[in-house]
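Since the structure comes first, as structure tokens, the remarks are kept for the end.
The values are calculated or read from the model by the stated rules, or taken from the named source; none is laboratory data. This one's a predicted model, so the numbers in the text were calculated from it and none came from an experiment. Positions of Cβ are generated from backbone atoms using ideal geometry, with glycine treated the same way; all protein chains shown enter the neighbour counts.
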Amino acid sequence: MDAALLSPPRRLSVPIDNRWGAGEMAVLDFGDPNRPVDLIFSHANGFNAATYRSLLSPLSTSLRIWAPDLRGHGRSTLPVFTRPKTSWLDHRDDLLALLETLDGPQVVMAGHSMGGTASLLAAAQRPDRVSSLALFDPVIWRRMTVLAFNLPFAHRFMGAIPIAKSTLRRRSRFDSREQAMAAYRGRGAFKGWPDTVLADYLSEGLKADGGGFDLAAAPAWEAANYVAQAHDPWRALRRYPGPVRILKAEHGALTHLPVAPRVMPNVTVEIVAGGGHLFPMTHADIARDALFEAAV
């Protein structure tokens, strides 16, 4: 087996202090610590950086990669909100703060689903720090839908969307990691996942508490992220001038861009044949190749 797969990434804790609250962002640091960071990869809603370990580890022989746990996920201690959450600007601003800690050259920003959208929003704010984007089925609704989500008080009606309601009903506590593994294996969103990827998710997706294990990303926070859509990825696409490569799921895509976007010469969209929204877990070779090509 490749040594990169056997060597665990280093764990970093990066202080973050912005308008959304102060704490520490947990970061998995892959690759040679003596070289600048090449790529920052952000995970999907409800998951964590460790979920993508088998995707990212083989790249660490050539690249240095930071994979953060976004606010409210994994081992990050950044506070979640007591007030209504309306957008993903908190995740954008946390990534901007993470970028500020780097003093090397421009980096590639990449991510999956919510992590891809947050990376796009951050790159649009600081294009001088981001060389290119590699996004895996980022959540980009149709233009009219985005306009509707940004109407005043629209978030008050978003709690009725099915995925938010089902998330709130999700089991959040298990007696053991083995029990959680058995509950998830081959079911629902985890169908088709290799056991190694599921085990990686659970390694940081559960936290011990009082003799049992709770989900690190609380269902209420995961649901709040699904509801919070009052940001504008289309505006970010217009503002970011660098290359943007989007890999879009063939089935159940949340990226509502055509393969040949109009008036966006810097944006390419490709379909992952046979892939659903969680294709980085089931088609890791395709996702890995895209990250490598973006960073070299």
> For the stretch 217-275, how many residues meet the condition of being basic (Lys, Arg), more than 15 Å from the chain's Cα centre (by Cα) and under 16 Å from LEU135 (Cβ atoms)?
Replying inline: 4
> Considering only residues of the stretch 123-142 that are within 10 Å of GLY242 (Cβ to Cβ) and touching a strand residue (DSSP E or B) at 6+ places or on another chain (Cβ under 7 Å), which is surrounded by the most Cβ atoms within 10 Å (Cβ to Cβ)?
Replying inline: ALA123
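If the requirement is being surrounded by 15 or more Cβ atoms within 10 Å (Cβ to Cβ) and over 30 Å from VAL146 (Cβ atoms), which of these qualifies: GLU222, GLU204?
Only one candidate qualifies: GLU204.
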>> For the structure I just gave you, tell me whether ALA110 is crowded, with 19+ Cβ neighbours inside 10 Å and touching a residue at least 12 places away in the same chain (Cβ under 8 Å).
In response: yes
>> The conditions are (1) of a type in the set (Gly, Ala, Ser); (2) exposed (fewer than 13 other Cβ atoms within 10 Å of the Cβ); (3) at pLDDT below 95, and GLY159 fails exactly one of them. Which is it?
In response: (2)
> Which helices (runs of 4 or more DSSP H) sit wholly inside the stretch 1-107 and have at least 3 residues that are more than 26 Å from GLN229 (Cα to Cα) and modelled with pLDDT under 95?
Replying inline: 3-6
>> With touching a helix residue (DSSP H, G or I) at 6+ places or on another chain (Cβ under 9 Å), surrounded by fewer than 15 Cβ atoms within 10 Å (Cβ to Cβ) and β-branched (Val, Ile, Thr) as the only criterion, which of VAL263, VAL272, VAL259, VAL244 stands out?
In response: VAL263
> Can you tell which of VAL267, VAL244, VAL272 is among the β-branched types (Val, Ile, Thr), modelled with pLDDT of 95 or more and within 10 Å of ASP137 (Cα to Cα)?
Replying inline: VAL272
> Which residues, counting only those in the stretch 267-285, are in contact with a strand residue (DSSP E or B) (Cβ under 6 Å, 6 or more places away or on another chain), over 20 Å from TYR201 (Cβ atoms) and not β-branched (Val, Ile, Thr)?
Replying inline: GLU270
